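Below is one structure; the comments refer to it alone.
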Amino acid sequence: MNAQTQFKLSALDLEIVLTLVRCGTLANAGERLGVDASTVFRSLQRIERGIGQMLFTRSRAGYQASELALAMAGHAEQLETALESARSAAQIRSDDVSGNVRITTTDTILHGLVAPALQTLRASHPLLRFELHTGNALASLTQRDADIAIRATTRPPQHLIGKQIGPIRVALFGSKNGTVRSYADVQSGKAVWIAPDDALPDHPSVLWRKRHFPKVQPTYRVNSILTVMELINQGLGIGVVPLFLAKKQPELLQLTEVLDECQTELWLLTHAESRHLRRISAVYGYLAQTLTLS
């Protein structure tokens, strides 16, 4: 493939390459760019003819980026960051912070910690908007699927920067209206268990239960720790719940001391190139100051 001697890459060309690197398919890239897949395909063909090299390997699984495509995507990200900085600098008033910030976390952390903090933050910066993604998988900050992540982990990704908020301590809880009144009742086999399902197979509470109660088969299996707590609140059984969540539920009955085997850490994470953007910096800085597990 011969390069066109007069060909010059444009900012739009770099955006197309970056989007296809992030999305992996023509259809997804087209959706993000606001065009159809055939337009992305024709644009990619034009760019590849222009530079005289293939940028992607095509397969049924999608488009696999070459080293050159990844290098171009890196330059495109720098341009994307510079444009974001320029837009932030051009805000009407110097004290205004505006724009969209994408946050990924779990529903437990969102409802227990993040949502109350964001409500207070918006009082100071009403032009901010938030996209809140909840799930057990960590959305990619590198590919800009999210700007900020708040996650329970003992090993945060090394390519991200962040702050350790503190330890997430948990205990076994029942309901004050339930029949299980003590840990002795649990050990005697009287308890109905509520536990995470296969969406969280390696959750510390699952590993703890299997270690100490290997014969237990949970009666209720759910896909989030928040739902574990909600079902305990309704008197359906017992389960392991974070203390920061349980302290706001007066109907919960703590059946054990803190389970040290289950402890994880809460991390506030962002991408190094994004943190200086004003909208992201404002939200990150506020959450770093206000999120607390005590």
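The values are calculated or read from the model by the stated rules, or taken from the named source; none is laboratory data. For clarity, every value in this text was computed on a predicted model and none was experimentally measured. For neighbour counting, all protein chains shown are included, and Cβ atoms are generated from backbone atoms with ideal geometry for every residue, glycine included. Quick note on the areas: whole protein, heavy atoms, side chains included, nothing else; ligands and nucleic acids left out. Shrake-Rupley method; radii C 1.70, N 1.55, O 1.52, S 1.80 Å.
Values as computed for the structure displayed
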read-out	value
Residues located in segment 207-240, provided they are open to solvent by 50 Å² or more (accessible area, probe 1.4 Å) and not in a loop (DSSP other than H, G, I, E, B)	Leu207, Lys210, Arg211, His212, Tyr220, Arg221, Glu230
Positions within segment 125-145 being at pLDDT 85 or above and either open to solvent by 70 Å² or more (accessible area, probe 1.4 Å) or in a strand (DSSP E or B) (or both), in sequence order	Pro126, Leu127, Leu128, Arg129, Phe130, Glu131, Leu132, His133, Thr134
Residue among Gly62, Gly30, Gly52 that alone is of a type in the set (Gly, Ala, Ser) and within 18 Å of Ala76 (Cα to Cα)	Gly30
Any hit, segment 100-119, residues being more than 21 Å from the chain's Cα centre (by Cα), at pLDDT below 90 and open to solvent by 20 Å² or more (accessible area, probe 1.4 Å)	no
Criterion (open to solvent by 40 Å² or more (accessible area, probe 1.4 Å) and either within 28 Å of the chain's Cα centre (by Cα) or not small (Gly, Ala, Ser) (or both)) met by exactly one of Ile168, Ile161, Ile148	Ile161
Any chance Glu77 is at pLDDT below 90, open to solvent by 10 Å² or more (accessible area, probe 1.4 Å) and part of a helix (DSSP H, G or I)	yes
Qualifying positions in segment 21-65 - among the basic types (Lys, Arg), open to solvent by 70 Å² or more (accessible area, probe 1.4 Å) and under 19 Å from Asp145 (Cβ atoms)	Arg32
Scan of segment 247-292 for residues that are in contact (Cβ under 8 Å) with a residue 60 or more places away in the chain, open to solvent by 30 Å² or more (accessible area, probe 1.4 Å), closer than 21 Å to Arg102 by Cα and polar (S, T, N, Q), ordered by number	Thr290, Thr292
Failed item in (1) modelled with pLDDT of 95 or more; (2) closer than 29 Å to Arg102 by Cα; (3) of a type in the set (S, T, N, Q), with Thr219 passing the rest	(2)
Among (1) in contact with a Lys or Arg (Cβ under 8 Å, 6 or more places away or on another chain); (2) closer than 30 Å to Pro214 by Cβ; (3) hydroxyl-bearing (Ser, Thr, Tyr), the one test that Thr153 misses	(1)
